[in-house]
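Below you'll find the structure, written out as structure tokens, and then a few comments.
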Amino acid sequence: MAAVILTNDNFETEVLKADKPVLVDFWATWCGPCQKQGPIVEELADERDDIKVCKLDVDEASDVAEQFGIMSIPTVIAFKGGEAVNKAVGLQSKDSLLALFD
């Protein structure tokens, strides 16, 4: 399944009220490392049905990016039960992304 595209309007429903753990990739179209992170995130979305994988363009959903203090991208945040439980900044491997839920 493809990653869910997040907006300011659907973030609460898709992430904070999700019934399973959620991985959110904060990215932008102009960010080189983000372009490399994207396929890894999409691969996780296709391979794992036990976590919801989402992408949030910081330029399109700046309110949410500001709410979570995103200063550098790519930033990936793992959510469980509506709470941010772990965060990684910079290009991450698939194993590193999954380790955010440990």
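The values are calculated or read from the model by the stated rules, or taken from the named source; none is laboratory data. These figures come from a predicted structure and were not determined experimentally. Cβ: placed from backbone, ideal geometry, glycine included. Neighbour counts: every protein chain shown.
Quick notes
- Residues that are farther than 21 Å from G32 by Cα and among the charged types (D, E, K, R) were ranked within the stretch 67-102; the one that is farthest from the chain's Cα centre (by Cα) is D102.
- L91 in contact with a helix residue (DSSP H, G or I) (Cβ under 6 Å, 6 or more places away or on another chain) and farther than 15 Å from V4 by Cβ: yes
- Residues (assigned to a loop (DSSP other than H, G, I, E, B) and at pLDDT 95 or above) located in the stretch 29-49: T29, W30, C31
- Taken together, the residues in the stretch 73-93 that are in contact (Cβ under 8 Å) with a residue 60 or more places away in the chain and either assigned to a loop (DSSP other than H, G, I, E, B) or touching a Phe, Trp or Tyr at 6+ places or on another chain (Cβ under 9 Å) (or both) amount to 1.
- Any hit, the stretch 74-87, residues being within 11 Å of A3 (Cβ to Cβ) and either surrounded by fewer than 17 Cβ atoms within 10 Å (Cβ to Cβ) or of a type in the set (D, E) (or both): no
- Index of the failed condition, L100 passing every other in (1) modelled with pLDDT of 95 or more; (2) surrounded by fewer than 16 Cβ atoms within 10 Å (Cβ to Cβ): (2)
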